[in-house]
Amino acid sequence: MEVSISGPGAFALNVVGVSQYQRVLEVAAEEGVVEAVLMREDDNPYDDQAVAVFLDGERAGYLARADARRYRADLAAAGDANLSVRCAAKIVGGFETKTGERAHFGLKLDLPQLSS
């Protein structure tokens, strides 16, 4: 099941691992995609508590390890640890630098503050 969650508009939660998914972010920025879907990734070989972030059905990164654990705890406390969550996302970066190169894209999520 998937639910939509609104945050405070701060886009304070940074997505990590985005350097591996620059093309996904570039396409999403061009298409104006502004929603992300967060999905548990229990079979991730590096972290069995991973939470992947998708844009338009394509993986764009992950929640940081500590954020993923807080996010999962918040879902469990809400009564459904298996939910997928849709939220607003902001793609940052991608601008041309002074040297003419393109800065890497980043991704920020607008979620309510995670429990500590």
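Every number in this text was worked out from the coordinates using simple rules, so none of it is lab data. Here the structure is a predicted model, which is why all the values come from computation and not from measurement. We place every Cβ from the backbone using ideal geometry, glycine too, and count neighbours over all the protein chains shown.
Taking only C-alpha pairs under 8 Å that are 6+ residues apart, what is the relative contact order of the chain in percent?
Rounded, it is 39 percent for the chain.
Would you tally the net charge around Ala64, using a Cβ to Cβ cut-off of less than 11 Å, leaving Ala64 out, and scoring K and R as +1, D and E as -1?
Taking every other residue near Ala64 into account, the sum is +1.
Helix 22-31 versus the longest principal axis of the chain: what angle, 0 to 90°, nearest 10, using Cα atoms?
80
Lys and Arg at +1, Asp and Glu at -1: add these up for the other residues within a Cβ distance under 13 Å of Ala36 and post the number.
Here the count lands on -1.
Please work out the Kirkwood hydrodynamic radius for the chain, using every pair of different C-alpha atoms, and report it in angstroms with one decimal place.
Roughly 14.5 Å, rounded to one decimal.
Any chance you could get the radius of gyration and Dmax over the Cα atoms of the stretch 1-56, in Å?
Taking only Cα atoms of the stretch 1-56, I get Rg and Dmax of 12.6, 33 Å.
Which value does Rg/Rh take for the stretch 24-70 over its C-alpha atoms, Rh per Kirkwood?
1.03
Identify the GluC sites (Glu not before Pro) of the stretch 42-116 meeting these criteria: DSSP loop state and at most 10 other C-beta atoms within 10 Å of the C-beta.
Those satisfying the criteria are Glu101.
Any idea what angle helix 65-78 forms with the longest principal axis of the chain, computed on alpha-carbon atoms, 0 to 90 degrees, nearest 10?
The helix 65-78 is inclined about 40 degrees to the chain.
Might you report the magnitude of the Cβ-based charge dipole of the chain about its Cα centre, with Lys and Arg at +1 and Asp and Glu at -1, to the nearest 20 debye?
Rounded to the nearest 20 debye, it is 380 debye.
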